[in-house]
Amino acid sequence: MEQKPTELIFKIQDMDCVEEVSILKRELSPLVGGEEHLFFDVLNRRMTVNPQTDEVSAEVIIDAISQTGMRAEIWDDKKKQDTTASFWSRQGRTLLTSLSGFIMGTAFLTHVYLTGSFSAALGAEEATNGFMPLPVRVQYLIAIVAGIWFVLPKCWYALKRMRPDMNLLMCIAVIGALCIDEWFEAAAVAFLFAFSQLLEAWSVGRARKAVAALMDLTHPIARIRDESGDETVVAPEEVIIGATFIIRPGEKIPLDGRIIKGQSEVNQAPITGESIPVLKQEDDEIFAGTINGDGLLEANCTKLAENTILAQIIRMVGEAQTRRAPSELWVEKFAKIYTPIVMAVAILILLTLPTLLQISWHDSLYRALVLLVIACPCALVISTPVSIVAALAAAARNGVLIKGGVFIEIPSKLKALALDKTGTLTRGKPVVTKIIPLNDHTESELLERAAALEAHSNHPLAVAILDAAKERQIDYQPADSYQIIQGKGATALIRGREFWLGSHRYLEERKEETAEVHEQLEALSNAGQTVVVIGNETHVCGFIALADRVRETAAEVIRELHSAGIEQLVMLTGDNAGTAQAVAEEVGMDRVHSELLPEDKVSVIESLVDEYEFVAMVGDGVNDAPAMSRSSLGIAMGAAGSDVAIESADIALMTDDLMKLPWLIRHSHRTLKIIRQNIIFALSIKVLFMVLMVLNHASLWAAIAADMGASLLVIFNGLRLLQAQTIARLKGV
């Protein structure tokens with residue numbers, strides 16, 4: 001069997017935006033066999049390569065990356081990547097940008113001092129008479145070199161490959177300004193572009209910290225108890241499955257596990273977004289990253305540290321950036337076409353304006369340079385990825401795990417939404433709703449006999465009856481001589497007397513049903529209730545009605561979903577028509593499909609997709625996986641307890657809170673709105689300055705300042721999405 005080539009993972013020191021990703025794709029794709037073998041995690045500056053053959057070594061890839069002006073090293077999971085990088089790698093851009101701005105300022109003040117004129121320092125020809133003092137030129141030159149230091153390698157790569165990008169545009173603008181003796185403007189362009197690049201790196205870093213905050217949820221130690229009862233403090237990574245670990249009051253839980261002793265209220269907000277602590281007791285699941293309350297807990301480890309729910313969330317939020325949103329892809333494609341066109345137009349302006357408008361070559365070159373600066377796609381390129389990353393991070397903090405930018409836009413386009421009934425609209429656990437005694441029996445007597453008969457069974461209906469008996473403090477002893485009547489019920493002896501328990505059909509078979517009882521049972525069945533009948537050898541003692549209770553928020557959620565723009569809400573279930581219709585009417589569904597097999601659910605989803613195009617399927621992520629995969633968007637409920645649910649769905653709601661659905665749709669709408677605002681604003685600024693350039697009212701430094709201002713505004717506008725969780729809570733969503 002042919003051995004699969006080894007996966008290679010690298011740390012890319014200078015990868016802060018999609019511009020660098022595009023450069024790396026162009027350089028490495030021919031080496032590794034295509035872009036599909038390259039995967040990028042901008043937040044962690046990580047690149048994963050799956051080469052087609054082992055002939056492509058890590059050294060070859062690192063050398064190829066160095067040709068682009070970026071630096072790479074082998075990724076090491078055992079060390080914190082950002083802290084192991086050199087001081088220059090981490091702070092060099094900030095230092096050089098600060099130096100560029102400071103020296104530019106001192107050069108300007110020196111020029112004012114030596115000439116005694118602000119006009120001369122600003123470059124007014126009538127004030128300078130073509131004179132620039134040597135100390136001023138030297139300072140401006142230092143400011144320029146510091147400003148474009150990190151741009152030059154990428155500029156050289158673009159020039160060598162004949163692939164113009166914004167780095168090349170800026171270098172040409174700076175060199176052109178120097179050629180026409182505009183030293184102040186050349187320094188201003190170099191500094192302001194460096195500052196805009198620094199802002200871009202900062203904005204990605206801000207989003208990176210939002211996701212890295214998830215990493216801080218992991219407790220650095222685990223208290224292990226061995227067989228002799230001694231406690232040992234170790235790193236969570238050293239704990240094996242099955243080991244017993246202790247969580248003291250107020251501590252973060254270090255691992256996923258199952259409680260074997262103690263009870264406590266646990267704050268699960270970091271994982272599920274729940275605002276209220278959840279009571280945890282023996283046999284309940286607990287998750288790494290959640291916070292213990294006032295009780296001492298002992299638990300058995302159920303997953304290795306690298307496989308906990310928290311670890312999966314962190315990993316998937318990081319990987320989510322490789323699945324690009326449509327708007328993000330559009331911006332990237334637009335920039336690829338836009339930049340070469342701008343350079344061609346700038347050359348055209350340079351060559352034609354002296355003839356058409358009878359202006360000097362100096363003025364014509366200046367206007368062409370202004371166009372290059374105005375046209376820099378920096379603000380446009382960064383407008384979308386910052387918004388997408390912020391939206392993904394905000395959703396993760398709110399207990400909604402979105403698998404990538406491609407899935408954050410789809411909820412805003414949804415026209416129909418299908419929901420599974422059991423476990424989604426309902427709790428998936430039957431409860432006793434009515435106890436109807438007959439023939440002079442009391443409710444307590446009937447429940448006692450039912451509990452005695454059901455004490456031998458673990459069927460969900462039996463568990464519901466036993467829970468009802470416990471809740472009403474009914475004492476009972478398990479019945480003797482218990483026998484199951486397959487598919488119908490059971491018989492047993494209670495205090496030496498024979499009793500039976502069974503379905504409506506079993507009652508009919510015994511021929512003990514009266515017209516009045518039949519009418520009552522049919523009414524309960526049509527209302528979505530399941531009926532258990534109890535009797536003895538002489539008469540029917542009564543019956544107990546049970547139902548899978550609808551979630552308290554279900555009806556409100558349906559109203560909210562309609563108000564969020566969903567036209568059709570459809571319930572899918574394998575239950576009988578009566579039960580399904582009763583639940584659908586209670587919560588306000590538009591359509592209901594009952595008695596469905598898994599393949600029938602797929603057929604219903606296909607018909608909805610044909611009718612509405614964008615359709616989501618909400619289920620448990622396991623039984624509903626086929627229908628989810630056929631829908632436009634698969635959403636798993638209550639994924640915190642299920643690895644399969646997290647893996648199978650496009651979006652995983654970490655709790656069973658249905659209110660996350662309308663929140664998700666509004667969050668998607670808000671994300672798209674902000675992306676559109678950013679794109680329109682970035683393009684509008686460029687159009688405005690192009691008009692000013694034609695009218696000869698735009699300068700180089702003003703153009704780059706406007707572009708930097710646009711970058712700053714789109715960055716902060718995108719980062720507003722990080723506050724989506726707070727906004728949602730304030731609105732009560």
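The values are calculated or read from the model by the stated rules, or taken from the named source; none is laboratory data. Note that the structure is a prediction, hence the values are computed from the model and not measured. Neighbour counts run over all protein chains shown; Cβ positions are idealised from the backbone, glycine included. Quick note on the areas: whole protein, heavy atoms, side chains included, nothing else; ligands and nucleic acids left out. Shrake-Rupley method; radii C 1.70, N 1.55, O 1.52, S 1.80 Å.
Which of (1) at pLDDT 80 or above; (2) farther than 24 Å from P662 by Cα is the odd one out, the single condition Y366 does not satisfy? For Y366, the exception is condition (1).
Among the residues of segment 676-720, those identified as surrounded by 15 or more Cβ atoms within 10 Å (Cβ to Cβ) and among the hydroxyl-bearing types (S, T, Y) are S699, S711. Screening segment 620-733 for helices (runs of 4 or more DSSP H) wholly inside it with 1 or more residues that are modelled with pLDDT of 85 or more and within 21 Å of V557 (Cβ to Cβ) returns the ranges 660-694. Step by step: first the residues of segment 404-420, then only those that are modelled with pLDDT under 85 and in contact with a helix residue (DSSP H, G or I) (Cβ under 6 Å, 6 or more places away or on another chain), then the one that is surrounded by the fewest Cβ atoms within 10 Å (Cβ to Cβ). Which residue is that? This residue is G404.
Looking only at residues in segment 301-312 that are modelled with pLDDT of 85 or more and open to solvent by 50 Å² or more (accessible area, probe 1.4 Å), the one that is nearest to the chain's Cα centre (by Cα) is L304.
Candidates are the residues of segment 95-111 that are hydrophobic (A, V, I, L, M, F, W, C) and surrounded by 16 or more Cβ atoms within 10 Å (Cβ to Cβ); the one that is farthest from I148 (Cα to Cα) is F108. The residues of segment 137-172 that are aromatic (F, W, Y) and part of a loop (DSSP other than H, G, I, E, B), listed by number, are W149, F150. Cβ-Cβ distances below 6 Å connect the following pairs, each with a first residue in segment 605-620 that is in contact (Cβ under 8 Å) with a residue 12 or more places away in the chain and closer than 18 Å to I651 by Cβ, a second residue that is aliphatic (A, V, I, L, M) and in a helix (DSSP H, G or I), and a separation of six or more residues or different chains: I605/A627; V615/L608; V615/V609; M617/I605; M617/A627; M617/M628.
Within segment 448-479, if we keep just the residues that are in a helix (DSSP H, G or I) and touching a His at 6+ places or on another chain (Cβ under 9 Å), the residue that is nearest to I494 (Cα to Cα) turns out to be R449. Checking the stated criteria, K429 turns out not to satisfy the condition of being free of Cβ contacts under 8 Å to residues at least 12 places away in the same chain and either among the basic types (K, R) or open to solvent by less than 70 Å² (accessible area, probe 1.4 Å) (or both). If you go through segment 135-176 and pick out every residue that is open to solvent by 10 Å² or more (accessible area, probe 1.4 Å) and in contact with a Lys or Arg (Cβ under 6 Å, 6 or more places away or on another chain), you end up with 1. The residue that is surrounded by the most Cβ atoms within 10 Å (Cβ to Cβ), among those in segment 519-541 that are in contact with a helix residue (DSSP H, G or I) (Cβ under 8 Å, 6 or more places away or on another chain) and assigned to a helix (DSSP H, G or I), is L521. If only residues of segment 177-207 that are closer than 18 Å to S711 by Cα and open to solvent by 30 Å² or more (accessible area, probe 1.4 Å) are counted, the one that is modelled with the highest pLDDT is F191. Residues that are exposed (fewer than 15 other Cβ atoms within 10 Å of the Cβ), modelled with pLDDT of 85 or more and assigned to a loop (DSSP other than H, G, I, E, B) within segment 258-284 comprise Q281, E282, D283, listed in sequence order.
Within segment 542-573, which residues are open to solvent by 50 Å² or more (accessible area, probe 1.4 Å) and under 30 Å from L453 (Cα atoms)? The one that is open to solvent by 50 Å² or more (accessible area, probe 1.4 Å) and under 30 Å from L453 (Cα atoms): R549. Within segment 433-443, is even one residue part of a helix (DSSP H, G or I), of a type outside the set (F, W, Y) and under 30 Å from A479 (Cβ atoms)? Taking every residue of segment 433-443 in turn, at least one turns out to be part of a helix (DSSP H, G or I), of a type outside the set (F, W, Y) and under 30 Å from A479 (Cβ atoms). Going through (1) modelled with pLDDT of 80 or more; (2) touching a helix residue (DSSP H, G or I) at 6+ places or on another chain (Cβ under 8 Å); (3) buried (at least 18 other Cβ atoms within 10 Å of the Cβ) one by one, E606 falls short only on (3).
E586: open to solvent by 40 Å² or more (accessible area, probe 1.4 Å), in contact (Cβ under 8 Å) with a residue 12 or more places away in the chain and farther than 15 Å from T422 by Cα, yes or no? Considered against the rule, which asks whether it is open to solvent by 40 Å² or more (accessible area, probe 1.4 Å), in contact (Cβ under 8 Å) with a residue 12 or more places away in the chain and farther than 15 Å from T422 by Cα, E586 comes out as no. Here the condition is being more than 30 Å from P626 (Cα to Cα) and either surrounded by fewer than 18 Cβ atoms within 10 Å (Cβ to Cβ) or more than 48 Å from the chain's Cα centre (by Cα) (or both); of E448, E454, it holds for E448 alone.
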